[in-house]
Amino acid sequence: MSRTTPFASPLLLGFDTMEKTLERISKVSDGYPPYNIERMRADRLSGEPERLRITLAVAGFSEDELDITTEENQLLIRGRQVEHEERDYLYRGIAARQFQRIFVLADGMQVLGAVLKNGLLSVDLIRPEPDRMVKKINISVSQ
């Protein structure tokens, strides 16, 4: 049985990487850590552009245990808590846990910065307005 994709149209050229990205996203099922994505409106008084804010609940993680990188069109947020062997727990309900959360970014998206406050990691993103390009294509006539 062959599978038809939304990008199978002969009029959509060069979208094979997007198709692969959609397949990879659909395979991710872990819900840890929970996160929010919100749109922050532009502030005309301060001149700040509209941006997106990703907020992850990372209680128990310090700044040194978190890593944020961009690779190609992906934002990778990783957390690694270090086990403290010298502690003698009578009961342990909070496990040291690792995570990796991947967000696929549209072309042109840029990371403004990240802030860790009260167990919440906020990462701000912007998409600068692209320059509109119109290019005239010359037609050559062969005789």
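The set of residues in segment 91-114 being touching a residue at least 40 places away in the same chain (Cβ under 8 Å) and under 14 Å from VAL58 (Cα atoms) consists of ARG97, PHE99, ARG101, ALA114. Filtering segment 97-119 to residues that are more than 16 Å from the chain's Cα centre (by Cα) and either hydrophobic (A, V, I, L, M, F, W, C) or open to solvent by 30 Å² or more (accessible area, probe 1.4 Å) (or both) leaves ARG97, GLN98, LEU116, LYS117, ASN118. Residue pairs whose Cβ atoms lie under 7 Å apart, separated by 6 or more positions or on different chains, with the first residue in segment 29-49 and at negative phi and the second outside any loop (DSSP other than H, G, I, E, B) and open to solvent by 80 Å² or more (accessible area, probe 1.4 Å), are ALA42/GLU48. Looking at this structure, is ARG53 modelled with pLDDT of 95 or more and either over 15 Å from VAL115 (Cβ atoms) or surrounded by 11 or more Cβ atoms within 10 Å (Cβ to Cβ) (or both)? The answer is yes for ARG53. Filter segment 74-90 down to the residues that are in contact (Cβ under 8 Å) with a residue 24 or more places away in the chain and of a type outside the set (Gly, Ala, Ser), then identify the one that is surrounded by the most Cβ atoms within 10 Å (Cβ to Cβ). Filtering segment 74-90 for residues that are in contact (Cβ under 8 Å) with a residue 24 or more places away in the chain and of a type outside the set (Gly, Ala, Ser), the one surrounded by the most Cβ atoms within 10 Å (Cβ to Cβ) comes out as ILE77.
Do you know which residues across segment 37-94 are touching a Ser or Thr at 6+ places or on another chain (Cβ under 9 Å) and of a type in the set (D, E, K, R)? GLU38, ARG53, ARG78, listed by residue number. What about ARG132, is it open to solvent by 100 Å² or more (accessible area, probe 1.4 Å), under 25 Å from ALA42 (Cα atoms) and without any contact (Cβ under 8 Å) to a residue 12 or more places away in the chain? Answer is yes for this residue. Residues in segment 62-76 include none that are at negative phi and touching a helix residue (DSSP H, G or I) at 6+ places or on another chain (Cβ under 6 Å).
The values are calculated or read from the model by the stated rules, or taken from the named source; none is laboratory data. Quick caveat: nothing in here was measured; it's all calculated off a predicted structure. Glycine gets a Cβ as well: all are built from the backbone with ideal geometry, and neighbour counts include every protein chain shown. Only protein heavy atoms, including side chains, enter the accessible area calculation; ligands, DNA and RNA are left aside. Shrake-Rupley method; radii C 1.70, N 1.55, O 1.52, S 1.80 Å.
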